[in-house]
Structures are given as C-alpha cells and as structure tokens.
Amino acid sequence: MKKYLKPCVFILSLIPFLIIFYKILFNQLGPEPVKEITHHTGEWTLIFICLTLAMSPLKRLTNFFIWISFRRMLGLFIFFYATLHMLTYVIIDYRLDFESISKDILTKKFIFVGFAAWLLLVPLALTSSKKAMIFLKDKWKKLHRLIYIIAILGVLHFIWLVKKDLTEPLIYAVIVIALMLFRFKFKKI
Amino acid sequence: MKKIRYSEITPEKIYINRRSFIKSIGIGAGSIAVTSLPFTNSALSKEDDKHTSFKDITTYNNYYEFGTSKSDPYIKSQNFKTNPWNISIEGEVDNPIKISMEEISETLVSEERVLRLRCVEGWSMVIPWMGFSLSKLLSKVTLTSKAKFVKFESVYDPDQMKGQRYPVLNWPYKEGLRIDEAMHPLTTVVTGLYNKKLPNQNGAPLRIFVPWKYGFKSAKAIVKIELVEKMPTSSWMWASPREYGFYSNVNPNVNHPRWSQATERVIGNNIFAPRVKTLMFNGYGEEVANLYAGMDLKKFF
C-alpha cells in the first residue's frame, strides 16, 4: 500500500498541469488566455509552497513519517510550476523581449521579488538529490531553509500584483505565516 | 476656460452617415475621413482592428460594484433594475435639472461609435458603442463661469450591488473630467453596444466613455453629473493617488508599478498573438492632444 502513495501524490500533483494543457489545447482559456496561464501556474506555485511547508507540521501532528517522504517531490513541483510561470511570462507574454523584461524586473517590485524567488529555487532544485544531500552534509539543511524566504517572496509577489482586493493573497500570507509559526513553537517546546 | 464653439462639434448627420459614406468611397478614402470625422480614427481604420466579440465585451468586465472578479459583473448584474432611472445635472449651472432615461432617449439620438478601450491593466478591446457626445447632454443646462470640472457619480445601491457592501472603493464610484475634456466630441454618453441596449454589466442604463483615457475614467450607471469649480477626487485617486492620476490619459511613457503601459494585449487574441504597442492617447492624439498643449503629462498623469 505504502509504495503506491508516492506515485499517487505525483499524479495528483500533475493535475493542475494537465488542466492548463487541456485548456490550451481546446481553447478554453477565456478572453485573456496568456493571463489565464500565468495566473494558473502562479497560483499552483503558491499552493505547492504551502503544501511543502505543511509536511513537517503534519508529521508532528500525526506522528506519521510518511509525510516527510512527499516533501522533496512537492518541493520539486514548486520549482516545476514556478518555472512554467516564469517561462509563460518570458516566452509567451513577452516573446523573449529581454529589454522589456529587464526593465520590468527593475521597475516593478512584484516582478523583482517574483524573479528573485525563482532564482532562489534553482539551487534548491539542483541539490534535491540524495547525493547532494550527502555531499553538502549540514550545509544542505541551511541551504534548504531558503524555502522560507522563497515563501515570503512568493506571497509578496502576489500582494504587490493585486490591484485592490487583497483577500486572496492575504489567505496565502496567513497560511504561510501559520506554517512558519508552527515550526517556531515546536523549537521552543 | 476654453469655450467650445458649436461649429467645433461634429454635426450629428455626419456621425449617422459616416459608415455608409466610407463604404461608398471605399477603403482607400479612409484617410480623407480621418481629419473630419473623429470616429474613423487612424487607430481604428487599421485592418487588424477587429471588433471585440459581443461575448468578450459583455463577460469580461471591471465593475467592482458587482464584485472584483472579471466574471462577477456578468453573473451578478442580471437582475439589476435600471428602470426607472433619473440623472441629475447640478452644481455650477443656472438651471439644475433631473432628467429621466426616457427623456434622454427621446431627445438625444444614439449613433454607433466604434471606439478603442484600453484598460489600465494592459488589455484592450474595440467596442461598437451606441451613444452621443456628452456636450449634447450638457447643453440642456446653462453652465456658470465657475464650471471648470465635471464630476460623475455612479449609483449607490448595496442591496442590488453586492460589491458595494465591502469598502473596496469609496462608494459611490466617482470620476471626473476637465470641462474642455468633457465637451470634446469624443467624450461619449453610452446607451448601448452592438446595436443593442446597454447590458447591465457594461454600465446600464447610461455610462460615460472617454476613449483616450484608461477605462476606469469611464464611469458606469451614472446618476449624477455635477459641474464643479475645483478638480474632483476620483475613487481611484482616493484609493491610490500614486498610481492613478486625475488625467489618466493612455500614455505608453508613464510607467505603472504593476502593469506595462508600453504594450497591451488585445482581448480575443489567442496565446500566440504578440502584445501590441500602446499608442499615445490610445491612438486619438490627433483629436485630443491639443487639450494638453504645454502640459507635462508625466507630472499630470
């Protein structure tokens, strides 16, 4: 039973990708298709950040170690959706117009933090293997604490992009803060 | 204050006949029409400027009175009551009036006006509106010498408009124009689109449309038009003065903290279509640039 769990989580994690793929193929993206792809991949990046951060609290709450075995895969799905999100912006929306893109990064703070968050994800994805873990020893743990900074940048990216109604980004902010406080609390006890 | 002579306002007959006129002399003569007819604007006469579909125009809206999502206005406005409807024109006028929708449609003829809409969020549409120049409606009152600005106020009805139950903006929605902008023939009072009555989600029964300004300047469901001496504060200026100026002319050179104003996405295009360059004054520079002669538009954004 246990050995099927991971493949199940993998397939479930691919569903958001399949949904957007289906929408592209069958022209279901609505009046602003590029924005739809950008929002969809961005939203799922944030959801996977929350899911990844939830695994260790779940382990402590339920005493099942199985949660931790999903963490690496979920973390790699953050990178997967974040990369799709970034590539949608760079390739589909701005068609590799690097002059406009670099201007956006420097003048729009939500793009700046979004791009920074993606850059910080790269070393985490590269060092996700067991080999890297053994090679880096205790540095690995320190390096992977970057995910907390990435989570904060990701939420800021959403807060700064919203025009007026902050409900949605604030929901993510509350979840991310709660998941972080949980760790803090456990350390004290 | 700059007075608009009656001769400056394009006669109604030209509006009504302009389509058949252009058709009759063919596409090649389009450029002749540009100088005399503001609605066959150079930006519009391009072949790729297809009218946005009725479906997209009526299901993809920013109308926070009904909710902040683009689909909210269509979904949540269908039972909105627009009858009876009165509009008061007051403030710096000798004879304030309250005029009913019936009287407006009986006395002022709506013509088709194909105008481009550029949203501050970086997308655009081409909309075949039905309407007439605001100056015609304002000619029903006599302005005093203190009438320097026009303030528009949209309806406040939180029972019917659920979005108004939350302080997303300072309700009722307020917008404004300088008097010469308001008197410009391109400033349109809209009563319909695609030859139909104006749908609720697009601002029924009556809205303003100012094609050379970002979409939020064009207030919907108007109940009050007030002539004032001092520059009014619009709802968006009140929400974030750094982001939204009083003028809010479409200007690719003035950056916005969130959206690119240099380019735009045309609604209805597929994912492979490139962004298009945003034009100064949304392509209506020939008609309106003189209103801002000598002004630093980066400062007065």
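The values are calculated or read from the model by the stated rules, or taken from the named source; none is laboratory data. Keep in mind that this is a model prediction, so the values were computed, not measured. FYI the Cβ positions are ideal-geometry reconstructions off the backbone, even for glycines, and counts take in every protein chain you see.
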Original post:
Residues in segment B:85-101: is at least one touching a helix residue (DSSP H, G or I) at 6+ places or on another chain (Cβ under 6 Å), more than 24 Å from B:Asn62 (Cα to Cα) and away from chain A (no Cβ under 14 Å)?
Top reply: no
Subject >> Top-ranked residue in segment B:117-147 [being away from chain A (no Cβ under 14 Å), outside any strand (DSSP E or B) and hydrophobic (A, V, I, L, M, F, W, C); ranked as surrounded by the most Cβ atoms within 10 Å (Cβ to Cβ)] >> reply: B:Leu134
Subject >> Subset of segment B:247-296 (residues that are farther than 21 Å from B:Leu115 by Cβ and more than 11 Å from every other protein chain (Cβ to nearest Cβ)) >> reply: B:Asn253, B:Val254, B:Ala293, B:Gly294, B:Met295, B:Asp296
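Yes or no, residue by residue, for (1) surrounded by fewer than 21 Cβ atoms within 10 Å (Cβ to Cβ); (2) under 22 Å from B:Tyr74 (Cβ atoms):
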residue: B:Tyr173; (1), (2): no, yes
residue: B:Arg178; (1), (2): yes, no
residue: B:Glu181; (1), (2): no, no
residue: B:Gly192; (1), (2): yes, yes
residue: B:Gln201; (1), (2): no, yes
residue: B:Ala219; (1), (2): no, yes
residue: B:Ile222; (1), (2): no, yes
**OP:** Could you tell me whether segment A:37-44 includes any residue that is at negative phi and surrounded by fewer than 17 Cβ atoms within 10 Å (Cβ to Cβ)?
**Re:** yes
**OP:** Inspect all residues belonging to segment A:73-89 and state whether any of them is hydrophobic (A, V, I, L, M, F, W, C), assigned to a helix (DSSP H, G or I) and within 14 Å of chain B (Cβ to nearest Cβ).
**Re:** yes
Original post:
What number of residues in segment B:265-301 are crowded, with 17+ Cβ neighbours inside 10 Å and touching a Phe, Trp or Tyr at 6+ places or on another chain (Cβ under 6 Å)?
Top reply: 6
Original post:
If you take just the helices (runs of 4 or more DSSP H) that sit entirely in segment A:92-189, which of them hold at least 2 residues that are farther than 28 Å from B:Asn62 by Cα and either more than 14 Å from chain B (Cβ to nearest Cβ) or under 14 Å from the mean Cα position of the chain (by Cα) (or both)?
Top reply: A:109-126, A:130-136, A:138-144, A:146-161, A:167-188
**OP:** Hey, could you check segment B:148-168 for residues that are part of a loop (DSSP other than H, G, I, E, B) and either at pLDDT 95 or above or among the small types (Gly, Ala, Ser) (or both) and say which is surrounded by the most Cβ atoms within 10 Å (Cβ to Cβ)?
**Re:** B:Met161
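Residue by residue, here is whether (1) over 22 Å from B:Thr263 (Cα atoms); (2) without any contact (Cβ under 8 Å) to a residue 12 or more places away in the chain holds:
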| residue | (1), (2) |
| --- | --- |
| A:Met86 | no, no |
| A:Glu99 | no, yes |
| A:Asp104 | no, yes |
| A:Leu124 | yes, no |
| A:Thr127 | yes, no |
| A:Lys142 | yes, yes |
| A:Leu146 | yes, no |
| A:Pro169 | yes, no |
| A:Ile175 | yes, no |
**OP:** Go through segment B:176-270 and tell me which strands (runs of 3 or more DSSP E), entirely inside it, have 1 or more residues that are in contact with a Pro (Cβ under 9 Å, 6 or more places away or on another chain) and more than 26 Å from B:Met280 (Cβ to Cβ).
**Re:** B:188-193, B:222-228
